[in-house]
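Colleague: Have a look at the structure that comes next, please.
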Amino acid sequence: MNYLLQKRKHFTSFQIIIFGFLSVIILGCLLLMLPCATKEGKGASMADALFTAVSATCVTGLVVRNTVTYWSIFGQAVILLLIQVGGMGVVTMAVSVAMVSGRKIGLMQRSTMKEAISAPNVGGIIRMTGFIIKTSFLFELFGAIAMLPIFCHDFGYGTGAWYAVFHSVSAFCNAGFDLLGHNVPYASLTAYQTNPVVNITIMILIIVGGAGFFTWEDIRRHGFHFKKYRMQSKIIMLMILVLLLVPALFFYFFEFSQPKWDSLTESGKIWSALFQAVTPRTAGFNTVDLTEFREAGKAVILVLMLIGGAPGSTAGGMKVTTVAVLFLISFAAFKRREAAHCFGRRISADTVKYAAAIMMLYLVLFLCGSVFISYIENLPMLDCFFETASAIGTVGLSLGLTPELSQLSRLILIILMFFGRVGGLTLIFAAISPKGGGASKLPQEKITVG
């Protein structure tokens, strides 16, 4: 990674970010192929190791092997390390190592770091990196300590401590990997459906991890003075609130009111509704069997998975700001305004342009991936929509299809997971070199839309 940063004159920041993620994935794949990485002592196949390494580094959570029964402690530790590096960002971790070792951070590294965490400018980027690392480990420590008594009671002190750390990091990084499939494969957190400590801790970690690093900084600097926050932080917090309350109410009144869920207590329905509203953006844990959801419920989860979290966070997806900007520009068009406004500020034309491009990229890849998998596997389109949305949104929720898919379909999911974590614009900017357009412009002509 340091080599790539030193070669900044040959690579753009976007290319360095991509190469960094690819390097970590390849290293993780090789480690997971070692005999000591699996409990049988034979090592994973290249296909299984690659899929798991991509899923962990891209903090997705889709798996082809039951994590707790297939991987050894070494393999689980490799997965956890990949989750941590992928969640924090490869460049962030590389710069952090350079800071700890006392190396000078040059302008090229700062510029790459700026792109990696979606910072508005280069100024203060090193201070921001230190803040990100400290805050992240603080929240992960909080999560581990909170869940420690529960897991130690259920699995013993050694295993319980490891489970507390693993699930805290996995939740904060919005990864969705779990170690609770001992008796029921891929059970996720269904055994803790009504446990308030596990539910609250995991939800807090998911929300904080997906809120974005610069939202944390606004909260740290301004406390509860909401008016002093940046417009981006205000939009993120508002969108998070809306995208939590509306789906939670939908699940409680329209999904869990069905007779099939009568086995749940009233408190169980409330916890389940809240948890299923939080986890699709983009954590991948579940406390109920998602295959039992009606199609409308699955569709709501699918939309939440595509939306994702905030930019510059551990979450993936199109991002809540992208959806907010497109909603605002649509509202402005209905009102016949020239620009979109929010919280007394005008949204730039470039922001609207990038938001439209991101949504188009995600929808095209999501739809194409679903169609190809449905054709290859001869599966219903809604089920394929769910798996591909989970992959490109780096969520990890599944209807149980992923372990049964062919290698070609898994390859499609791998591509979608990588795209969803690195980001569409990053990949495009890395592939296409900017060209000076000069001052001249082509003649303008209007076309009718709508």
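Colleague: Looking at segment 285-331 only, could you name the residues that are on the phi > 0 side of the Ramachandran plot and touching a Pro at 6+ places or on another chain (Cβ under 6 Å)?
Modeller: Correct list: K319 only.
Here is a yes/no grid of residues against (1) touching a His at 6+ places or on another chain (Cβ under 6 Å); (2) surrounded by fewer than 18 Cβ atoms within 10 Å (Cβ to Cβ); (3) at pLDDT below 90:
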site	(1), (2), (3)
G210	no, no, yes
F213	no, no, yes
E217	no, no, yes
G223	no, yes, yes
R230	no, yes, yes
K234	no, no, no
M239	no, no, no
L274	no, no, no
T279	no, no, no
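Colleague: What is the one condition in (1) of a type in the set (D, E, K, R); (2) at pLDDT 80 or above; (3) assigned to a helix (DSSP H, G or I) that D178 does not satisfy?
Modeller: Among (1) of a type in the set (D, E, K, R); (2) at pLDDT 80 or above; (3) assigned to a helix (DSSP H, G or I), the lone unmet condition for D178 is (3).
Colleague: I've got another one for you. Of the residues that sit in segment 362-381 and are over 19 Å from the mean Cα position of the chain (by Cα), surrounded by 15 or more Cβ atoms within 10 Å (Cβ to Cβ) and touching a residue at least 24 places away in the same chain (Cβ under 8 Å), which one is farthest from P185 (Cα to Cα)?
Modeller: Going through the qualifying residues, I end up with F372.
Colleague: How many residues does segment 181-208 contain that are open to solvent by 10 Å² or more (accessible area, probe 1.4 Å), among the small types (G, A, S) and in a loop (DSSP other than H, G, I, E, B)?
Modeller: Adding up the residues that qualify gives 1.
Colleague: Within segment 338-350, is there a residue that is open to solvent by 70 Å² or more (accessible area, probe 1.4 Å), part of a loop (DSSP other than H, G, I, E, B) and among the charged types (D, E, K, R)?
Modeller: Yes.
Colleague: If a residue has to be among the polar types (S, T, N, Q), in a helix (DSSP H, G or I) and closer than 16 Å to L82 by Cα to count, how many in segment 158-175 make the cut? First the steps, then the outcome.
Modeller: Step one: of segment 158-175, the residues among the polar types (S, T, N, Q) are 159, 168, 170, 174.
Pick out the ones that are also in a helix (DSSP H, G or I) and you get 159, 168, 170.
Cutting the leftovers down to closer than 16 Å to L82 by Cα gives us 168, 170.
Counting residues in segment 158-175 that are among the polar types (S, T, N, Q), in a helix (DSSP H, G or I) and closer than 16 Å to L82 by Cα gives 2.
Colleague: In segment 257-315, how many are outside any loop (DSSP other than H, G, I, E, B), under 17 Å from L241 (Cα atoms) and touching a Ser or Thr at 6+ places or on another chain (Cβ under 7 Å)?
Modeller: Adding up the residues that qualify gives 3.
Colleague: Could you please find all residues in segment 297-312 being of a type in the set (G, A, S) and more than 20 Å from A171 (Cα to Cα)?
Modeller: Hits for segment 297-312 are G297, A299.
Colleague: If a residue has to be touching a helix residue (DSSP H, G or I) at 6+ places or on another chain (Cβ under 6 Å), open to solvent by 20 Å² or more (accessible area, probe 1.4 Å) and of a type in the set (F, W, Y) to count, how many in segment 36-90 make the cut?
Modeller: 1
Colleague: Just give me the residues in segment 294-327 being closer than 16 Å to F256 by Cβ and open to solvent by less than 10 Å² (accessible area, probe 1.4 Å), in sequence order.
Modeller: Of everything in segment 294-327, those that are closer than 16 Å to F256 by Cβ and open to solvent by less than 10 Å² (accessible area, probe 1.4 Å) turn out to be G297, I301.
Colleague: Here's another thing I want to ask about it. Restricting to segment 139-170, give me the number of residues that are surrounded by fewer than 16 Cβ atoms within 10 Å (Cβ to Cβ) and polar (S, T, N, Q).
Modeller: 1
The values are calculated or read from the model by the stated rules, or taken from the named source; none is laboratory data. All values reported here derive from a predicted model rather than from experimental measurement. Here the Cβ is made from the backbone with ideal geometry for all residues, glycine too, and neighbour counts use every protein chain on show. Protein only, heavy atoms only, side chains kept; ligands, DNA and RNA dropped before computing areas. Shrake-Rupley method; radii C 1.70, N 1.55, O 1.52, S 1.80 Å.
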